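Asks: My questions all concern the structure below.
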Amino acid sequence: MTSSKGAIFRSKYFRFFLGVAVGAALLFLSVKDVSWSEVKGEIENITYAWIFFAAFFYWTELGIRLVRWRVLLSQLKPPPAGYKIAIAFVSGYAANNVLPAKLGEAFRADLLGRLANVSRLTVFGSIIVERLFDMLMVLGMTAWGVFFVTTTHLNTLEDVTRGLTLLLAPIALLVILVYFFVARKSNHLNVKLRAWSGKVQNLLHGLHVLEDSSSYLKLLSSTLAIWTLNCLAIWSIMMALDIQLDVNQTILMIGITGISTAIPAAPAGIGTLQYAFYVTAVLFDFSPSTAFVASVIVQIVLLGSATVVGAIAYSYAIATHLLQDDETGK
């Protein structure tokens, strides 16, 4: 009976429907107060120059994310070619926008593993480090916003604070585990795990970049640049809708939306992203209709452009590498 339940929770179909269900529930909560006539008016009055700036900031952010991932993969000997890392990176981002439950992360690791003939688990370990730095930044930004932002909706702010508190425990546990396996290499459990399974060794190898203290400055500076550009991109979208947020409001908005994107839900953050924008609309006293339009712009212009480029990159990978490898294997 237990194994049957475990199989259900591991099933890709279960994760698909769970992700869609979470997204649908949050989408309903986000649109229940939306005026569709107001949505039409918001779309007609968009200042498209700001949308262009948002796209520019977003793609600059992705470029720095790619550089950061190359730093994380630099431990591999020999390191994968830069263009293969770029193909896997943008294809993985596209997959995250069309697959539920953040399955694009596994897709990215698998694709680079096939392209560069490296361990998928080692690549996945590098993605764990990448997401760890992102979540620490998101939590810090949310905490900053909660502390410094001014709002009359204290109940909603308390809800954000509770959500932040709930995330602290798993993130803290992950940080402790990474430290345990990287900084404390000689501990008994670490030695046992390394001897017990080659798969565990490969996964831990993906964390080894943290053994080099000089890499911390590169990772921290790139992560700071990434989220600064993310702030600028979202701020530009709000400016396109004539919503002028101050620095603290923008930081809190990015913190809330960053938390929402970490939730394994429907593809492209459908529902979770809308709800994050809805929460910020309540906090900062702008219309839920404006929040809905802003979230859709993010999904169409920013995530949509990454999906198109990622699909092209994946098609290129299939045409020039994966199929050739399959034919060689035959």
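The values are calculated or read from the model by the stated rules, or taken from the named source; none is laboratory data. In this text the structure is predicted, and so the values were computed from the model without any measurement. Ideal geometry is used to build each Cβ from the backbone, glycine not excepted, and the neighbour counts take in all protein chains shown.
Asks: Hey, can you tell me all the residues within the stretch 125-154 that are touching a Gly at 6+ places or on another chain (Cβ under 6 Å) and among the hydrophobic types (A, V, I, L, M, F, W, C)?
Replies: Once the filter is applied, which keeps residues that are touching a Gly at 6+ places or on another chain (Cβ under 6 Å) and among the hydrophobic types (A, V, I, L, M, F, W, C), the stretch 125-154 yields VAL138, MET141.
Asks: Same structure again: Could you tell me whether VAL20 is assigned to a helix (DSSP H, G or I), among the aliphatic types (A, V, I, L, M) and surrounded by fewer than 21 Cβ atoms within 10 Å (Cβ to Cβ)?
Replies: For VAL20, the condition - assigned to a helix (DSSP H, G or I), among the aliphatic types (A, V, I, L, M) and surrounded by fewer than 21 Cβ atoms within 10 Å (Cβ to Cβ) - is met.
Asks: Can you name the residue in the stretch 89-123 that is basic (Lys, Arg) and part of a helix (DSSP H, G or I) and is also nearest to the chain's Cα centre (by Cα) among such residues?
Replies: By that ranking, first place goes to ARG108.
Asks: Among the residues of the stretch 228-242, are any surrounded by 21 or more Cβ atoms within 10 Å (Cβ to Cβ), in contact with a helix residue (DSSP H, G or I) (Cβ under 7 Å, 6 or more places away or on another chain) and within 16 Å of VAL149 (Cα to Cα)?
Replies: yes
Table: residues versus (1) farther than 18 Å from ALA116 by Cβ; (2) buried (at least 19 other Cβ atoms within 10 Å of the Cβ); (3) in contact with a Ser or Thr (Cβ under 7 Å, 6 or more places away or on another chain); (4) of a type in the set (Lys, Arg).
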| position | (1), (2), (3), (4) |
| --- | --- |
| ILE46 | yes, no, no, no |
| PHE52 | yes, no, no, no |
| ALA55 | yes, no, yes, no |
| LEU72 | no, yes, yes, no |
| ILE85 | no, yes, no, no |
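Asks: Failed condition for LEU245, given (1) in a helix (DSSP H, G or I); (2) modelled with pLDDT of 90 or more, with all others met?
Replies: The one condition LEU245 does not meet is (1).
Asks: Looking only at the stretch 266-289, count how many residues are touching a residue at least 40 places away in the same chain (Cβ under 8 Å), under 19 Å from THR152 (Cα atoms) and not in a loop (DSSP other than H, G, I, E, B).
Replies: The qualifying residues number 7.
Asks: How many residues are modelled with pLDDT of 75 or more, in a helix (DSSP H, G or I) and hydroxyl-bearing (Ser, Thr, Tyr) when one looks only at the stretch 145-178?
Replies: Total satisfying the criteria: 2.
Asks: For ASP134, are the conditions met, namely being closer than 16 Å to SER260 by Cα and either of a type in the set (A, V, I, L, M) or in a helix (DSSP H, G or I) (or both)?
Replies: yes
Asks: Test of understanding: among PHE53, PHE107, PHE57, PHE89, which residue is under 27 Å from ILE297 (Cα atoms) and either free of Cβ contacts under 8 Å to residues at least 12 places away in the same chain or touching a Cys at 6+ places or on another chain (Cβ under 9 Å) (or both)?
Replies: Within the list PHE53, PHE107, PHE57, PHE89, the selection yields PHE57.
Asks: Go through ARG120, ARG162, ARG108 for me and flag whichever is surrounded by 19 or more Cβ atoms within 10 Å (Cβ to Cβ) and closer than 23 Å to THR257 by Cα.
Replies: ARG108
Asks: Have a look at SER4, SER35, SER11, SER74 and point out the one that is at pLDDT below 90, closer than 24 Å to ILE237 by Cβ and among the hydroxyl-bearing types (Ser, Thr, Tyr). Don't jump to the end; show me each part of the working.
Replies: Numbers: SER4 fails: closer than 24 Å to ILE237 by Cβ; SER11 fails: closer than 24 Å to ILE237 by Cβ; SER74 fails: closer than 24 Å to ILE237 by Cβ.
Going through SER4, SER35, SER11, SER74 in turn, just one is at pLDDT below 90, closer than 24 Å to ILE237 by Cβ and among the hydroxyl-bearing types (Ser, Thr, Tyr): SER35.
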